[in-house]
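**Student:** Here's a structure for you.
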Amino acid sequence: MSSALLMLRGLLYRPWLLATLAASASAILLLLASLGVAMHQLQVNESEQMNARGERFLDRLEQIFGQLREGVDELQAQPARGCDATMLAALQQVAFNNRFVFEAAYVDGQQTCSNRLGDRTFESLPPPDIQGPTYSYWLNTSTEPDDNRAALVLGRGPFRVSTSRGHLTDVVDLPAGGSLLVVLDRGARAVPVLGPVQAWPPPGDVWPPVSTKALVELPDRLVYRMPTKSPDYQLVLIAPRASLPLKINGVLWLLFPGSLLLAWCIGWAVLQLVRQSRSMSSELQGALRRGELQVLYQPIFELTSRNCVGAEALVRWRRPDGSLTSPDLFIPLAENTGQIRQITDFVLQRVFDQLAQLLRANPKLYISVNLAACDVMVPRIGRVAARLLATHHVAASQIAFEVTERGLIDVVVARDNLQALRAVGHQVLIDDFGTGYCSLAYLQTLPVDCLKIDKAFIDALGHDAASSGVAPHIIRMAHALQLRVIAEGIEYEDQALLLNSEGVNYGQGWLFAHPLSARQFVELITRGRRLGPRRIDDEA
Ligand code: C2E
Ligand code: CA
Ligand code: CA
């Protein structure tokens, strides 16, 4: 048996350890999975927020620029030039009419005047950052953190209007550490209008962006590009992503207890399952001791003559309350716990106890016994059978062994043991053929006498299902290798006829007989092996 299986079996006997392992593994997995989902969700939220913020920004900036343009257009349209009282009134009127105009000024090289007496913002303006055909733009004209200083200046002819840093911060809710930049010279230069100076271009060769999406996501920052009508400049909002680990911390506090609770539930469920299977395995042990296991015999018939040629021994567990537990439930469990060896020995012993006399009287009659994978992996079963054969004077050819394809995992070891069984005269049958991985080439290397076609393929016969062609294929394969074929689970006469016409010689199924008690089986054989007018029923 492989070391992994042995380890698993060892764990089965330490339910607490298994439950703790399951709980810890699921806690780690759950935590990692929920952390991944939470991080992804946070990033998506952050990006969505940035998109929404960017759109809001653009709206408000357009409002501000709109008012600045209106203001400067109004001044340009009025006739006054020079710094007289009419001009001052016009400048004050424009500032008064437009909420976002903080200062309006007249600058013609010789004289400068503004609605804000005493302020001298416009005297020393450098050349404009953006020179359009109609308007000139000055960005971030002051680095002083004074809210009452111009942040954006728009010029037309001798007139200048500006909005203050205070106005800008009022209308745009800049994220902490974020900046609003105007990108100039085809992306080569960026002037921060609000917020701290940012390294430009952003690191990582991401500018100019290849995608047309407004939001560019970098590992440490988000960059939102706002579309502008002018090709000369772009508005860009940059926000750091530094807040992410902090936010994750918050989410973790919610995830942590949730994942632990779920992991605890999984551990508890595993504990219950293991305890249940352990209690079933100890029940099975008791059942073996108290003799609650029985063996039934399902006759196997020659399809042409409808004569019974043998039977398959099938184990049953009848509990003291009369209920039956299906072998499909307790055989796999017994295979896991190793109790299957005791069951195989019990079945063999019972076959000899109940049928040795019948077998001696009918030397061509045989009984086939199911073997589990672990029975095939060691030569033990050959010794057990040899002892019983000698005691009861029965020929080895009258005991056949059924192995499933799944039972041939380590094929080299299995092959030697099967060969040893055949060498003393036993027949070897491959059970449930077609459900495993046996190919023709593989089959050729196995020391077997007969194939049993699984019931699923017999059921599919004559239907349009994709598997309906499997049985004829198996039959052809078996004939090519000169193997006998037994069809399992025949329930209808048409199936028996069809199989017979395909060259199948033997069959087993409810059409002929359910599994019978030893007494019923002996009766069938002594009556002359032929089927009676009524189907023979399962006594159990
Ligand atoms: P299996 O070896 O394929 O046995 C054939 C199963 O098909 C038996 O179920 C049998 O009662 C059932 N069967 C036979 N003819 C028909 C039919 O016409 N229609 C239908 N629907 N079913 C039919 P059972 O006795 O419940 O056994 C189930 C499985 O348990 C067996 O499948 C075998 O894998 C395992 N098993 C039974 N007894 C033993 C045993 O002594 N040792 C081992 N290792 N496994 C056993
Ligand atoms: Ca079988
Ligand atoms: Ca079978």
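The values are calculated or read from the model by the stated rules, or taken from the named source; none is laboratory data. Bear in mind that the values here come from a model prediction, so they are computed numbers and not experimental data. No Cβ is skipped: glycine too gets one built from the backbone with ideal geometry, and neighbour counts run over all protein chains shown. Each accessible area value is taken on the protein alone, full model and side chains, heavy atoms only, with ligands, DNA and RNA left out. Shrake-Rupley method; radii C 1.70, N 1.55, O 1.52, S 1.80 Å.
**Student:** If I ask for residues that are open to solvent by 50 Å² or more (accessible area, probe 1.4 Å), small (Gly, Ala, Ser) and within 23 Å of TYR137 (Cβ to Cβ), which ones from the stretch 69-94 would you list?
**Tutor:** Matches in the stretch 69-94: ALA77 only.
**Student:** Continuing with this model, one more query. Which is touching a Lys or Arg at 6+ places or on another chain (Cβ under 8 Å) and more than 16 Å from ligand 1 (Cβ to nearest atom), of PRO447, PRO472?
**Tutor:** The match here is PRO447.
**Student:** Just give me the residues in the stretch 52-80 being of a type outside the set (Lys, Arg) and closer than 14 Å to ARG225 by Cα, in sequence order.
**Tutor:** ALA52, GLY54, GLU55, PHE57, LEU58, ASP59, LEU61
**Student:** A further question follows. Taking the options SER368, SER397, name whichever one is touching a strand residue (DSSP E or B) at 6+ places or on another chain (Cβ under 8 Å) and open to solvent by 10 Å² or more (accessible area, probe 1.4 Å).
**Tutor:** When all the criteria are applied, what remains is SER397.
**Student:** ALA386 passes all but one of (1) among the small types (Gly, Ala, Ser); (2) within 16 Å of ligand 2 (Cβ to nearest atom); (3) open to solvent by 30 Å² or more (accessible area, probe 1.4 Å); (4) more than 21 Å from GLU488 (Cβ to Cβ); which number fails?
**Tutor:** (2)
**Student:** Okay, moving on. Those residues that are assigned to a strand (DSSP E or B) and within 16 Å of ligand 3 (Cβ to nearest atom), I need them from the stretch 502-516; list them, please.
**Tutor:** TYR506, GLY507, ALA513, listed by residue number.
**Student:** For residues that are basic (Lys, Arg) and touching a residue at least 24 places away in the same chain (Cβ under 8 Å), scanning just the stretch 362-398, find the one that is nearest to ligand 1 (Cβ to nearest atom).
**Tutor:** ARG380
**Student:** So, in the stretch 423-448, how many residues would count as being within 16 Å of ligand 3 (Cβ to nearest atom) and at pLDDT 80 or above?
**Tutor:** Total satisfying the criteria: 8.
**Student:** Could you grab me the full set of residues in the stretch 399-434 that are outside any loop (DSSP other than H, G, I, E, B), within 15 Å of ligand 1 (Cβ to nearest atom) and among the small types (Gly, Ala, Ser)?
**Tutor:** ALA400, GLY407, ALA414
**Student:** Moving on. Among (1) over 26 Å from ASP454 (Cα atoms); (2) surrounded by 18 or more Cβ atoms within 10 Å (Cβ to Cβ), which single condition is GLY407 missing?
**Tutor:** (1)
**Student:** Sticking with this structure for a sec: Determine, yes or no, whether SER305 is within 16 Å of ligand 3 (Cβ to nearest atom) and surrounded by fewer than 16 Cβ atoms within 10 Å (Cβ to Cβ).
**Tutor:** Against the criterion (within 16 Å of ligand 3 (Cβ to nearest atom) and surrounded by fewer than 16 Cβ atoms within 10 Å (Cβ to Cβ)), SER305 does not qualify.
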